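Colleague: One structure, as structure tokens, below. Some questions next.
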Amino acid sequence: MACPFFVPSRRLDLNGWVRPPRLPLGDPWAGTCEARAGEIFEPPESQQREVCNCGYARGRCDRFPGIGAPDAVRFSVTHDTPARLLVVYVVEKDHAPAEFGTLEYTVDSASLNGPPMSNILVQQARAFLASYLSRRAQRASP
């Protein structure tokens, strides 16, 4: 479950962990925090690895907004064909779904279609899909 205010932009290497954890976006990502309206901030890499990539940052991040804010975002592939993926996303608040939807990703055109979403959610979905497609390619190669 990534932090709902984390905007992933590039993969981080796996050297920060002895054994890489399972991460909500698949791979560790570096990026920016948009928890404060109109302010883009790049947290230190250690915080991105342990907080931004993992969600539920309330009480662990001094930038996290007040009580009404969502806590995390989850993604899961529900349908996988060579040409198309269906991805379910769930925005959580207090460990319960607050918002959810289904996205359709067309592999050839790299298009992502679904309900209107924030730019942050789109960027997180694209990061999740990049990680997923990378793993899928690794499984397919001999």
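Colleague: Per DSSP H run of at least 4 residues, take -39500 (n - 2.57); add these up for the chain, divide by its residues and hand me the 222 nm value, nearest 500 deg cm²/dmol.
Modeller: On the way: 1 runs with 22 residues, N = 142.
Computed ellipticity for the chain at 222 nm equals -5500 deg cm²/dmol.
Colleague: Which order results if ILE67, ILE40 are arranged by neighbouring Cβ count within 10 Å, fewest first?
Modeller: ILE67, ILE40
Colleague: Considering Cα pairs under 8 angstrom that are at least six residues apart, work out the relative contact order of the stretch 6-140 and quote it in whole percent.
Modeller: Relative contact order here is 20 percent.
Colleague: Further, regarding this structure: Taking 0.36 nm per residue of separation and subtracting the Cα-Cα distance, what length does fully extending ARG11 through ASP94 add?
Modeller: Values: separation 83, 0.36 × 83 = 29.88 nm, distance 2.81 nm.
Extending this stretch completely gives an extra 27.1 nm.
Colleague: Normalised by the empirical 2.2 N^0.38 Å for globular proteins, what value does the Cα Rg of the chain take?
Modeller: Relative to the 2.2 N^0.38 Å estimate, the chain comes out at 1.04.
Colleague: Taking amide H atoms as placed 1.01 Å from N in the peptide plane, list the residues 5 or more away in sequence, or in a different chain, whose amide H sits under 5 Å from that of VAL107.
Modeller: Close amide H contacts, sequence-distant or interchain: ARG84, LEU85.
Colleague: Now for a different question. Give me the Å³ per residue figure for the convex hull around the C-alpha atoms of the stretch 1-73. Provide the component values of the computation, followed by the final result.
Modeller: Details: hull volume 5.8 nm³, N = 73.
It is 80 Å³ per residue.
Computed from the coordinates by the stated procedures, all read-outs in this text should not be read as laboratory data. Here the structure is a predicted model, which is why all the values come from computation and not from measurement. Every residue, glycine among them, receives a Cβ derived from its backbone with ideal geometry; neighbour counts consider all protein chains shown.
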